[in-house]
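> Here it is: the structure, laid out below.
The values are calculated or read from the model by the stated rules, or taken from the named source; none is laboratory data. Because the structure is a prediction, the values reported are computed rather than measured. Every residue, glycine among them, receives a Cβ derived from its backbone with ideal geometry; neighbour counts consider all protein chains shown. Only protein heavy atoms, including side chains, enter the accessible area calculation; ligands, DNA and RNA are left aside. Shrake-Rupley method; radii C 1.70, N 1.55, O 1.52, S 1.80 Å.
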Amino acid sequence: MAFGRRRQAEEPAEGPEVTEEPAEDTEEEAPAVAERADSAAGGPWDSEDSFPDIQRLDFGSMLVPVAQGLGFQVNFEATQVDEEGNPLDGRPVAVLVQYEQSVMQLQAFAAPKRTGIWDDVRRETAKDIQEEAQGQIQEGEGPFGTELLAMIPTPLTEEVLAEMPAEAREQIPAEFVEQGWAPQIIRFLGVDGPRWFLQAVVQGAAIEDEEQWQVLEDVLNGVVVVRGDAPMPPRDLLELQIPKEFSEGGEEEGEEAVETFNPFERGPEITEVR
C-alpha cells in the first residue's frame, strides 16, 4: 500500500531512451498485446476495432463513455509562462473522470508495435514511489491485468490544512493531523494496445467502495483509443482535444447527464506519473 505526492505527467514513467518507431504496419504484434486483445471481454478498444456504439465524449486521442452522475475535467500543462512564472498558455495532458467521491485520471501514450510497456512503466512507478516518496507498493491482478496499489505519506502541514475546504478538513482523523501526514492510497492500472498504452490512476472512495469502482471500471472498459498513423516515439503523450460539449452552449440534446467543468480550472488532486 502507499502514500503520495503530486507529480506532473508528460510520460507514464521515466526509463531508458527509446528510438522512434517506424510508421509502416507489420503483421506481427507483441505477444503481450495480442493476448490482451484476444482475452479481453471488452475494452479498452482500439479505434480500428468493432466496439459498442455508446455515447462518448471525443477528447481526440480518447473517446470516453458518459453516464449518469459522471463529471469530466481536463488537466493542463503550461507551455508558456510570464516573467513571474504564471501560465499564459497550455496543452491538455489528462482527462479526469469524477464519480461521487472518486476520480480516475486517463492518459494515452504511443507504444512500440511489438512490445507493451506496462511492465516497465509499473516497475518504474513502483521504484519512484518507494525511493522518492517513501511509500509502499503492492502488485495484484485486476480486471485489466496486473495493477499496482500504492500508499504514499502526504504531508498535513498547517499551510496544507489552511487551504483545504472546511468540510474536507473536518473529515481528517485527529491522529493524522497530530502526526502531520495522512496515507494517500492510489491504484495504477495499465492497458497495452496496438501501438498505444492507456494508463488509469484511481483515487478516492473507489479504492474500497465496489459500487463506485464498478462505475469507473465500466468507463475504462468503454474507452476507445485513437492512435493515428503518425510515427511517434514510445511514451509520447497522444494529443488531447477539448470536446465541443465543454464549450458554452455546446451540449447536445440527451447529454444532460454529463456534468462538464471549466477545463482551465485545477482538477482534483491526483498523482500524475511520468
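> Filter the range 55-112 down to the residues that are in contact (Cβ under 8 Å) with a residue 24 or more places away in the chain, touching a strand residue (DSSP E or B) at 6+ places or on another chain (Cβ under 9 Å) and in a loop (DSSP other than H, G, I, E, B) and list them by number.
Q55, F59, S61, V66, A67, G69, E100, Q101, A111
> Find the residue count for the range 123-158, including only residues that are farther than 24 Å from E178 by Cα, touching a residue at least 24 places away in the same chain (Cβ under 8 Å) and part of a strand (DSSP E or B).
Count: 8.
> A further question on this structure: State all residues of the range 146-169 that are small (G, A, S) and closer than 23 Å to Q130 by Cβ; if no residue qualifies, say none.
If the condition is that a residue be small (G, A, S) and closer than 23 Å to Q130 by Cβ, then A150 is the only one that fits.
> Inspect the range 201-220 for any residue being farther than 20 Å from E124 by Cα, open to solvent by less than 60 Å² (accessible area, probe 1.4 Å), of a type in the set (G, A, S) and in a strand (DSSP E or B) and give the result as yes or no.
Yes: one or more hits.
> Let me ask another. Looking at G180 and the list (1) within 18 Å of the chain's Cα centre (by Cα); (2) on the phi > 0 side of the Ramachandran plot, which single condition is not satisfied?
In the conditions (1) within 18 Å of the chain's Cα centre (by Cα); (2) on the phi > 0 side of the Ramachandran plot, G180 misses (1) alone.
> Somewhere in the range 86-94, is a residue touching a helix residue (DSSP H, G or I) at 6+ places or on another chain (Cβ under 6 Å) and either more than 30 Å from F246 (Cα to Cα) or of a type in the set (G, A, S) (or both)?
Scanning the range 86-94 turns up no residue that is touching a helix residue (DSSP H, G or I) at 6+ places or on another chain (Cβ under 6 Å) and either more than 30 Å from F246 (Cα to Cα) or of a type in the set (G, A, S) (or both).
> Determine, yes or no, whether A133 is surrounded by 19 or more Cβ atoms within 10 Å (Cβ to Cβ), modelled with pLDDT under 95, more than 26 Å from V223 (Cβ to Cβ) and of a type outside the set (D, E, K, R).
yes
> Being open to solvent by 80 Å² or more (accessible area, probe 1.4 Å) and at pLDDT below 95, is that true of even one residue in the range 110-118?
Yes.
> Now for a different question. If a residue must be open to solvent by less than 30 Å² (accessible area, probe 1.4 Å) and in a loop (DSSP other than H, G, I, E, B), how many such residues does the range 221-234 contain? Please lay out each step first, then the result.
Taking the range 221-234 first, the residues open to solvent by less than 30 Å² (accessible area, probe 1.4 Å) are 222-225, 227, 234.
Then drop every residue that is not in a loop (DSSP other than H, G, I, E, B), which leaves 222-223, 227, 234.
Count: 4.
> Moving on to the next point. I'd like to check something: does the range 167-184 contain any residue that is in contact (Cβ under 8 Å) with a residue 24 or more places away in the chain and within 20 Å of L96 (Cβ to Cβ)? Quick ask: steps written out before the conclusion?
Going through the range 167-184, the residues in contact (Cβ under 8 Å) with a residue 24 or more places away in the chain turn out to be 180-184.
This time we only want the ones that are within 20 Å of L96 (Cβ to Cβ), so: 184.
Taking every residue of the range 167-184 in turn, at least one turns out to be in contact (Cβ under 8 Å) with a residue 24 or more places away in the chain and within 20 Å of L96 (Cβ to Cβ).
> Does V191 fit the bill of being open to solvent by less than 50 Å² (accessible area, probe 1.4 Å) and among the β-branched types (V, I, T)?
Yes.
> A follow-up question, please. Among (1) surrounded by fewer than 17 Cβ atoms within 10 Å (Cβ to Cβ); (2) touching a helix residue (DSSP H, G or I) at 6+ places or on another chain (Cβ under 7 Å); (3) among the aliphatic types (A, V, I, L, M), which single condition is M164 missing?
(2)
> Can you spot a residue in the range 146-158 that is farther than 25 Å from D119 by Cα and over 26 Å from the mean Cα position of the chain (by Cα)?
The answer is yes; a qualifying residue exists.
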